[in-house]
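The values are calculated or read from the model by the stated rules, or taken from the named source; none is laboratory data. Since the structure is predicted, the reported quantities are computational estimates derived from the model, not experimental observations. We place every Cβ from the backbone using ideal geometry, glycine too, and count neighbours over all the protein chains shown. Just so you know, the surface numbers come from the protein's heavy atoms only, side chains and all, with ligands and any DNA or RNA stripped out. Shrake-Rupley method; radii C 1.70, N 1.55, O 1.52, S 1.80 Å.
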Amino acid sequence: MLTPIGLTTTGLVTREVEVIKLLADGLETAAIAQRLNYSERTIKNIIHGAMSRLQLRNRAHAVAYAFRMGAI
């Protein structure tokens, strides 16, 4: 399996941490995409990639994981 460039000790890539922080702030996909100047599809792919690699069940689980690991 390929490891993403920039993988942190939490198992998340820096871009994933940035997106998950915004999820934790309550932003929806469209708002995150607008704030980071990405497409909504890119944001969904970033979230899906993190969730798949770390075997997280949903966005809430991703936020909880990032919080527990000290990423946010």
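Within region 11-34, can you find the residues that are outside any loop (DSSP other than H, G, I, E, B), open to solvent by 30 Å² or more (accessible area, probe 1.4 Å) and under 16 Å from I72 (Cβ atoms)?
Residues of region 11-34 that are outside any loop (DSSP other than H, G, I, E, B), as a first pass: 13-24, 29-34.
Cutting the leftovers down to open to solvent by 30 Å² or more (accessible area, probe 1.4 Å) gives us 14-15, 18, 21, 24, 30-31, 34.
Those that are outside any loop (DSSP other than H, G, I, E, B), open to solvent by 30 Å² or more (accessible area, probe 1.4 Å) and under 16 Å from I72 (Cβ atoms): T14, R15, E18, K21, A24.
When region 35-47 is filtered for residues that are assigned to a helix (DSSP H, G or I), surrounded by 12 or more Cβ atoms within 10 Å (Cβ to Cβ) and either out of contact with any Leu (no Cβ under 9 Å at 6 or more places or on another chain) or in contact (Cβ under 8 Å) with a residue 12 or more places away in the chain (or both), the ones remaining, listed by number, are R35, L36, E40, I43, K44, N45, I46, I47.
With respect to R35, is the statement that it is modelled with pLDDT under 95 and of a type in the set (D, E, K, R) true?
On the way: modelled with pLDDT under 95: no; of a type in the set (D, E, K, R): yes.
Criteria not met by R35.
Report yes if some residue within region 5-27 is of a type in the set (A, V, I, L, M, F, W, C), touching an Asp or Glu at 6+ places or on another chain (Cβ under 8 Å) and at pLDDT 95 or above; otherwise report no.
Of region 5-27, the ones of a type in the set (A, V, I, L, M, F, W, C) are 5, 7, 12-13, 17, 19-20, 22-24, 27.
Remaining after also requiring touching an Asp or Glu at 6+ places or on another chain (Cβ under 8 Å): none.
No: zero hits.
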